[in-house]
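These notes are about the structure you will find just below.
The values are calculated or read from the model by the stated rules, or taken from the named source; none is laboratory data. It should be emphasised that the depicted structure is a prediction, and the values quoted were computed from it without experimental measurement. No Cβ is skipped: glycine too gets one built from the backbone with ideal geometry, and neighbour counts run over all protein chains shown. What goes into the accessible areas is simple: the full protein's heavy atoms, side chains included, and nothing from ligands, DNA or RNA. Shrake-Rupley method; radii C 1.70, N 1.55, O 1.52, S 1.80 Å.
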Amino acid sequence: MYQAIKRLLFCFPPEVAHNATVKALQLFNKTNVISKFVPEVPSVPCKVMGLEFKNPVGLAAGFDKNGECINGASQLGFGFIELGTVTPLAQSGNPKPRIFRVTKQDSFINRLGFNNLGVANLVKNIKLSTYNGILGINIGKNFKTPAKKAVIDYIYCMEHIYNHADYITINLSSPNTPNLRDLQYGDSLKHLLERLKQQQQQLKTLYNKYVPFAVKIAPDITEENLKQIASVLLDNQIDAVIATNTTIDHSQVQDPKLQAEAGGLSGKLLNSMSTKTIQILATELGNKIPIIGVGGITDAQSAKEKIEAGACLLQLYTGLVYKGAGLIKEVAEAVYAAKNISPQ
Ligand SMILES: Cc1cc2nc3c(=O)[nH]c(=O)nc-3n(C[C@H](O)[C@H](O)[C@H](O)COP(=O)(O)O)c2cc1C
């Protein structure tokens, strides 16, 4: 059935199709109808970051930036949902068109630039939602905020969402916000994470609840730099790392016109880069910080490779668009097989 829906959606420009999908899922926020039309995802609860996930497959950030279809999306079978990226103030992002389908290679290029309705709107939508599974909230900085002052934006978002999130993702890896990725390196990373950990402690006292932090990183990082990042994550007792965001390497895109589009590449063409990043991180982190693997999961094999590389949870975005919700079950089963566990 999804192939028919996909044919229809792919008649429209990618962003129009995306917004229509979010609206359609939103329509079902208050009923359980969707879950009757998608395969049931077998559940083997697992504990990561101190949280219990009903299955290991999550919706990646960027799909529901404003928390508009939380319940609808969860009915597709996800074990967790990550909202955002959200910034302190609403912003419109880059000029359109800004999402491109690399259809023949099951990939996308996007340069959305954190278009979102701001953190206050996100909190309002979360309060209206009846979803009771694991909810991650991914935060970033506004376009106009200089990278040097990014910490102010992250703290602002943290303060607003802390009491509504099961985990918070510090997004340092979008390629579409100038200089954001610089925050992944050296003293910038160290100072940012130290300050955010302090804030986490204060908020923990205020709300009497510990909300874990995940840091989301790019796939375009050298092995040497990944080692340095791993060491800073360990020093600051970060709770998880999400690897990876989209890549700026378009060399595998066959169509020259698409190859020249600026933005981050996701989907099948990202898979091996993302898996390699997970592998290096896993070696550096040992079992001390869990890795959430994302990037180019389009089938059981790519999911299995990410688990074998060292990820313990997985997230999907582009694969979901190309393959439909059936992929969630396929990936969950691949994870169970790779971990040698069997669902009840
Ligand atoms: C259209 C689009 C928008 C995205 N927006 C965000 C975002 O706002 N924040 C973020 O951390 N990642 C964002 N991502 C990246 C995804 O969360 C994910 O890390 C990446 O696409 C790789 O996974 P995939 O190959 O399964 O899509 C976006 C991806 C796409 C395709």
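Remarks
- Summarising the label geometry, the points placed 7 Å from Cα in the beta-carbon direction at K23 and T205 lie 4.8 nm from one another.
- Computed extension gain for Q252 through K124, at 0.36 nm per residue and net of the alpha carbon distance, reaches 42.0 nm.
- Contour excess over end-to-end distance, with Cα ends at K30 and N287 and 0.36 nm allotted per residue: 88.6 nm
- Across the range 104-118, computed HN-Hα scalar couplings (Karplus, 6.51 cos²θ - 1.76 cosθ + 1.60, θ = phi - 60°) run 5, 10, 6, 9, 10, 10, 10, 9, 4, x, 6, 5, 6, 9, x Hz from first to last residue, x flagging Gly and Pro.
- Proximal lysines relative to K204, as straight alpha-carbon distance under 24 Å, when same-chain residues fewer than 8 apart are discounted: K47, K124, K127, K141, K149, K190, K216, K288
- FRET efficiency estimate (nearest 0.05) - Cβ-Cβ, T103 to D182, R0 35 angstrom: 0.60
- Accessible surface, 1.4 Å probe, highest first, among residues D106, D255: D255, D106
- The chain: DSSP helices with Cα axial extent of at least 15 Å and average Kyte-Doolittle hydropathy no lower than 0.0: 14-27, 150-161, 271-285, 326-339
- Taking the convex hull of the alpha carbon positions in the chain and averaging its projected area over all directions gives 15.7 nm².
- Rounded to 5, percent antiparallel among DSSP beta bridges of the chain: 30 percent
- Accessible-area composition of the range 51-92, carbon plus sulfur, in percent [1.4 Å probe]: 52 percent
- The solvent-accessible area of M158, taken with every protein chain present and a 1.4 Å probe, is close to 0 Å².
- Helix-only CD estimate at 222 nm, as mean residue ellipticity for the chain, using -39500 (n - 2.57) per DSSP H run (n ≥ 4): -11500 deg cm²/dmol
- Full extension of the chain segment joining E308 with K148 gains 53.9 nm, where the gain is 0.36 nm per residue of separation less the Cα-Cα distance.
- Each part gets one Cα centre, and for the range 276-344 versus the range 12-87 those centres are 17 Å apart.
- The range 197-255, accessible surface, carbon-and-sulfur percent (1.4 angstrom probe): 42 percent
- The residues of the range 27-159 expose on average 43 square angstrom of accessible surface per residue, using a 1.4 Å probe on protein heavy atoms.
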